[in-house]
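The values are calculated or read from the model by the stated rules, or taken from the named source; none is laboratory data. Since the model is a prediction, treat every value here as computed from it, not as a measurement. Heads up, the Cβs are rebuilt from the backbone with ideal geometry, glycines too, and the neighbour counts pull from every protein chain shown. Surface accessibility is based on the protein's heavy atoms, side chains included, excluding ligands, DNA and RNA. Shrake-Rupley method; radii C 1.70, N 1.55, O 1.52, S 1.80 Å.
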Amino acid sequence: MFRLDAMRIVLLVLLLAGMQVFAMLGGFFGQEIVAEIAILAILAISLDLAAGFGGMVSLGHGAIMGVGAYAYALAGQHGLTPWPAALTAIAASGVTGGLIGAVSARMQGIFFIMATLAFGQMIWAFTFSARWLGGDNGMGGIARASLPFSDLSQPMAFANYALCLLLAVFLLAAATLSTPFGRSYQAVHDNAARAAAIGLAPRRIRITGFAISSAIAGVAGILAAQHMQFISPAMMFWTTSGEVLVVLILGGIGTLTGPIVGAAIFVTLKYWAAGWTDHWHLVIGALLIAVILAGGRGITGEAERRLRHAFR
Amino acid sequence: MKARHRPRDRCCGRSMMLDVIDLTAAYGHAQVLHGLSLRLEAGRIHSLLGRNGAGKTTTLRRIMGLLPHQQGRILFAGDEITGWPTPRIARAGIGYVPEGREVFTALTVRENLTLAGRIGSGDWTIDRVMQQFPGLHPRLDAPAAVLSGGEQQMLSVARALMTSPRLLLLDEPSEGLSVQMTAVLRDVLVALRDQGMTILLVEQDVGLATKLADDVTLMSRGRHCWAGTAAEFAQAAGVRRRYLGA
Amino acid sequence: MKPFVFSCLLAFALPAHADTTVGLMLPASGNYAALGQDIEDGFRMALQEAGRSNIRVIEADTEADPQTGLTLARKLIMQDRADVLVGVVSSAVLGAVRDVVHQAEIPLIVANAGNSDATGKDCSAFITRVSFSNDQLNRPMGEWMAAQGISSVYTLAPDYAAGQQMIAAFSDAFTAGGGEIVGGEFTPFGKTEDFGPYLAKAQASGAQALYVFYGGADAVSFVKQYDSFGLRDTLPLYSVGFLTAPLYLREQGTSAAGVIGALHYLPSLDTPENEAFVDAYQKAHPDTLPSEYVVAGYDAGRLLVGALDSGAEGRAALAAALPQVAYTGPRGPLKIDPVTNNIVQNVYVFETVEGPDGMTHQVLDTVEAVRDPPNGCAME
Amino acid sequence: MTAFWTLQVLNALQHAALLFLIAAGLSVSFGLMGFVNLAHGALYMLGAFIGISVAAQTGFWVALIAAPLAVSAIGALLYLCLLGRVARLGPMPQVLVSFGLVFIATELVRIVWGDIPLVLDPSAALAGRVDLAGATYPVYRLFVICIGAAMAAALWLGVNRTNLGAALRASVENPGMARAIGIRTERMFLLVFTLGAGLAGLGGVVAAPITAANPGMAVSALIPALIVTVIGGMGNIAGAALGALIVAGIEVFGAVLFPAASAVLIYAALAVALIWRPEGLLVAKGAR
């Protein structure tokens, strides 16, 4: 069961503060990077909810995030202002996830992975060749949200806004996990048979959990659309979902803080390693294998384990 | 390690076929065995009795190496086999008839037997096995999936024999068998014992188990709680009542 | 790791020593890496040729990923204070950076991405294209084929925006010239490695000719498969010239013989400018012919040098000066259309033929100074 | 018109032959070890590139033998050093480690062979075309169909008519019990993985004259192979063959009859298969 203990709170505060400082000192590029980290971290948190706490490893989360991004853009085109458009988009992602979950929830392990892969790829293939959605050329001219006290067209303001959303999503996820629903959700993951024996409905709980996770992926999609002010099907391809899984594993699955650490590492590595080698995927691949062989706890999981040992 | 513990030296001059010492086992987080000890004399039928959930099946699976090694030791004919991989244990001479038969339904009867016959001394051939279970003979080239429950049980025993074991572990072999089939099985086990094989029998049917057995070990909640000969067991009504409710 | 990145960023932020800073946005990894390498080679060749040492080039690996492209564009614009951006292979990346470039008022020289809208309804005074537009190559080919008396055509292209745009431009021009499109298919992108089913459909359509657009690995596979089915005699193959471009010709070998295409550059062009260019390129890359991507990179460099030579400095002046540059380069006379900022250039209709040193291109016809209509472009 | 349909049927068979070669190893290691090897597409890619390099030195026929052997060796090495350990950890680590291998293999291929697509020229004996029922069909594609059919037949016989095959079927059905009668399943895993890698390598070298080899194929070949595996059922040669025929049929006839939907069809088929019969059309598992 997830607990938001002191160690995780400290880590969260340190991470957010660190990124804030990085955005302030790192110049425009730093601010762009922080926004990108925040988006990836939100998506990874959403996947952590599904995979880490619900045992539903999804290779369709990129596509679900894309649904949110496209819904936001389309709502904007049809005259909705950013905030109502965002709500529409979250609903669209949540419903998409709910539908995928409804069909896939009874599957386990690799079959669930394959099912989400299939549905994600269907969404991708459809969007990729849909002329009215701009096909692979994507859609531009997407509005950022407006706030009364801050101009989000400024990179620093946008980075802060993204960090705030990340914090909100984190707290929301942590709160969800500690509700009665969240506890039964994790119980179903731990032992579906036992959960059913004490009167829970594993399938319905899994579907709901996947829908919640998908709605959060929609938040990541909206933020990505606002950040780039442009969307394209690239974010929907299954390898994007695979990369999010990589982020989750690097950072530490089932920790909620891990996704943030993983996203920070992944994005930094992407821009940093790409600076000295054209083959940065090689570095990511090797790192991933090393993390799994080291026990698969990821950086946060490993650090937590050692700290707990040290303080005991 | 090996030299230090020679069961032969310890007990009464008779040789020990299996010596299990303080064995533990778990499925995931659920601890099932909490330090079980069990001693089998060579050439005898030994019944392992206990209520449902006492850990009998787990004991057999643990001896076969089908569960991860935790604590305790297992000695087989004087050799320490603790922690050995399952195929090596099978090759060392332990045959296993699991609960629920677990014959390979995708294979024919002959394939089931031939496959098992690839290891061991080769004392047992298909012909010899067929003498024990003549009922299987006409079904040799049928897929195991179409066999009746009783025939599958015979096949499961026959398959274990094909590995030419010195020790045979049987897990509830009479379950679901007709009276005639059970009689056949009983005769086979007695014949095997008389040929010098050691048998460890887990059996729900206490009547059958005690009728067949030379020795009895009772277990409860993952531990042994009583051991003695079948004759002693027949006398110990209090023990039977307490641990078997019979 | 973070302190290191910090110091990198600080290093970037130091005041520039050079007069002009160029942000080179090209894919160095992923599917388009080969194209990115060619464009960079050509661009650096132009700078070297001009003998300018006061141009600082900052490379940015955009992959084919709009998100990465956009982040790096913003970095180049805001952090590195680049004076001009060069590159962009994928149209999706161009779409992603278009608004940022336009709003930041920084000139961008597009060296590949062919989306017609980028110099059409989405045009910008700051975006100048020296490569080609999808319309620009396909329209002349449609007109030319109709003029040759070909009456019916079957079309094939990958199902993505560029493929759709190219086939649409071709079809419009071909039907306007009196031809008929008897059928066509868009094949699933990035998956269709086996064109057998489509080739059989094309064959059964009864069309007089086959018109296709394919690039990358698809170009090689398609030509090989077309040849292996023996369609050469019954269904001649016409294409946007990328199909048998220099990058793929060596692998295609004799399978490509007889394929007719249209392209804005061919290494076999018989002009003094091109001969000098090919010689210079082969000094650095022996036994390799420059591709149309090398030339696009090269002309991007020439355009920039030309604008600098006119005395322009800084973003606004460069943006104004770039469209003024005109010269005769490897691909022939070249100028920028002030109405759309798209290039005006010759389009060469060619046949791929067997030459003494392997496969080569033989020009059949030259459509001079092809200019795109404004297509809704209105520059403020 | 019959010529047209003959042609399309042949196209479907040829496509199925390639899919079978890629998917057979994936399917059997899937069924035997429960191991989802996303790097299987990378082995196929290596087969193509190694084949091209070998053929450049020694010709097509040597490459046809050498490339699968080389890929088998790579597969065995991978299994012994890495994947064998990961196979015990459950689906997620398997997916991730093999995903990491895809990254690495793709970049290594880019470093060694570059970014420009390469093709393999088959032996002159396989050039040209033949007339079959009114359709003109390339000899090489017939050759591919033959190789696929021959491999399927050989594997089917090997699995269903030999002792080793019986041991394999027993291990797929009930690994624990197989071990309890003395079958060394780890060796079986290694053997199957090596053989599967070799088949993928063969698929790669056989495909290279038809589709150009490129670093993207590690990913693009993987998805259809996974779909074949899921639709056909795991750990079962006949299932892999049936799955390959179904997927190839959907791809070829989908492209002919419903071109607008052809990009989505194959994923839709996967989804339907998962919902309708998640255990696959032909199931190898009996007792489990």
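Neighbouring Cβ atoms from other chains, within 10 Å of the Cβ of residues in B:114-120, number 5 on average. Full extension of the chain between C:Thr234 and C:Ser152 gives 28.2 nm of extra length, using 0.36 nm per residue less the Cα-Cα distance. Computed in the context of the full set of protein chains, the accessible area of the protein assembly as shown at 1.4 Å probe radius has 59% of its extent on carbon or sulfur.
Remark: segment D:77-181 is approximated by an ellipsoid whose semi-axes, taken from the C-alpha gyration tensor as √(5λ), come to 36, 28, 11 Å, largest first.
Would you work out the relative contact order for chain D, in percent, from Cα pairs under 8 angstrom that are 6 or more residues apart?
Details: 471 pairs, mean separation 104.0, N = 288.
Normalised by residue count, the contact order of chain D is 36 percent.
Between A:His279, A:His227, A:His61, the residue with the greatest mean-square fluctuation in the GNM of chain A (Cα pairs under 10 Å linked by springs) is A:His279.
Considering only the other residues whose Cβ falls under 13 Å of the Cβ of A:Leu43, what net charge follows from Lys and Arg at +1 and Asp and Glu at -1? Intermediate values should be presented prior to the final figure.
On the way: positive: none; negative: A:Glu36, A:Asp48, A:Glu243.
Surrounding charge for A:Leu43 is -3.
Could the peptides A:144-157, D:252-265 be put in order, highest first, of the mean number of other beta-carbon atoms found within 10 Å of their residues?
Values: A:144-157: 13.7, D:252-265: 19.2.
By packing density, highest mean first, the sequence is D:252-265, A:144-157.
Enclosing the Cα atoms of segment A:1-126 in their convex hull gives a volume equal to 145 cubic angstrom per residue. Centroid-to-centroid, using Cα positions, segment B:178-215 and segment D:157-187 are 29 Å apart.
Remark: segment A:6-236 carries a charge dipole of roughly 700 debye about the Cα centre, counting +1 on each Lys and Arg Cβ and -1 on each Asp and Glu Cβ.
Compute for chains A and C the buried accessible surface, both sides summed, probe 1.4 Å, and express it in Å² to the nearest 100.
On the way: alone 14220 and 15700 Å², together 26680 Å².
The contact between C and A buries close to 3200 Å².
Look at the alpha carbon pairs under 8 Å that are at least 6 residues apart: their mean separation over the length of segment A:6-236 gives a relative contact order of 39 percent. Total buried accessible area between D and A, probe 1.4 Å, nearest 100: 3200 Å². Using the Cβ of B:Gln71 as centre and a radius below 12 Å, the other residues enclosed give a net charge of +1, where K and R count +1 and D and E count -1.
Annotation: amide H of C:Phe189 within the under-5 Å range of C:Asp159, sequence separation 5 or more or interchain, hydrogens built in the peptide plane.
How shielded is C:109-116 by partner chains, expressed as the average number of their Cβ atoms within 10 Å of its Cβ atoms? List each step's numbers first, then the result.
Working: counts 0, 0, 0, 0, 1, 0, 1, 0.
Shielding by partners across C:109-116 averages 0.
Output the peptides B:129-137, A:246-254, C:79-87 sorted from most to least packed, where packing is the average of other Cβ atoms within 10 Å over each peptide's residues. Please report the intermediate quantities before stating the final value.
Numbers: B:129-137: 16.1, A:246-254: 26.8, C:79-87: 24.9.
So the order, starting with the most tightly packed, is A:246-254, C:79-87, B:129-137.
Sorted on the mean count of surrounding Cβ atoms within 10 Å across their residues, most packed first, peptides A:194-206, D:67-79 read D:67-79, A:194-206. Taking C:Ser133, C:Ser291, C:Ser151 in turn, the Gaussian network model of chain C (Cα-Cα springs below 10 Å) assigns the largest fluctuation to C:Ser151. Tally Lys and Arg at +1 and Asp and Glu at -1 over the other residues with C-beta under 12 Å from the C-beta of C:Gly332: what net charge comes out? Local net charge: -2.
Taking the centroid of alpha carbons for each part, segment C:224-292 and segment B:129-153 are 71 Å apart. The D-B contact accounts for approximately 1800 Å² of buried accessible area, totalled over both chains at a 1.4 Å probe radius.
Around the amide H of B:Leu168, modelled in the peptide plane, lie the amide H atoms of B:Gly95, B:Thr198, B:Ile199, B:Leu200, all under 5 Å away and 5 or more residues distant in sequence or on another chain.
Which sequence of D:His40, B:His69 reflects their accessible areas, 1.4 Å probe, from the largest down?
Numbers: D:His40 10, B:His69 90 Å².
The ranking, largest first, comes out as B:His69, D:His40.
Heavy-atom accessible surface of D:Ile227, to the nearest 10 Å², is about 0 Å², with a 1.4 Å probe and all protein chains retained. For the pair C:Thr366 and C:His285, a Förster radius of 25 Å applied to the C-beta separation gives a FRET efficiency near 0.40, rounded to the nearest 0.05. With a ≥ b ≥ c taken as the square roots of the eigenvalues of the C-alpha gyration tensor of segment B:79-129, please select rounded if a/c is under 1.5 and otherwise prolate if a/b is larger than b/c or oblate if it is not? Oblate.
Here segment A:152-208 and segment A:108-147 have alpha carbon centers that stand 23 Å from each other.
Taken residue by residue and averaged, Cβ atoms of other chains lying within 10 Å of the Cβ of A:19-28 number 4.
Between rounded, prolate and oblate, where does chain A land on the alpha carbon gyration tensor, with a ≥ b ≥ c its root eigenvalues, rounded for a/c under 1.5, else prolate if a/b exceeds b/c?
Values: a/c = 1.43, a/b = 1.11, b/c = 1.28.
Verdict is rounded for chain A.
Based on the alpha-carbon gyration tensor of segment A:205-303 and its eigenvalue square roots a ≥ b ≥ c, which shape applies: rounded if a/c is under 1.5, prolate if not and a/b is larger than b/c, or oblate? Verdict is oblate for segment A:205-303.
Express the accessible area of segment A:157-294 per residue in Å², computed with a 1.4 Å probe while the remaining protein chains stay in the model.
Numbers: 4180 Å² over 138 residues.
Dividing the accessible area of segment A:157-294 by its residue count gives 30 Å².
Using a cutoff of 8 angstrom between alpha carbon atoms and counting only pairs six or more residues apart, the relative contact order for chain B works out to 26 percent.
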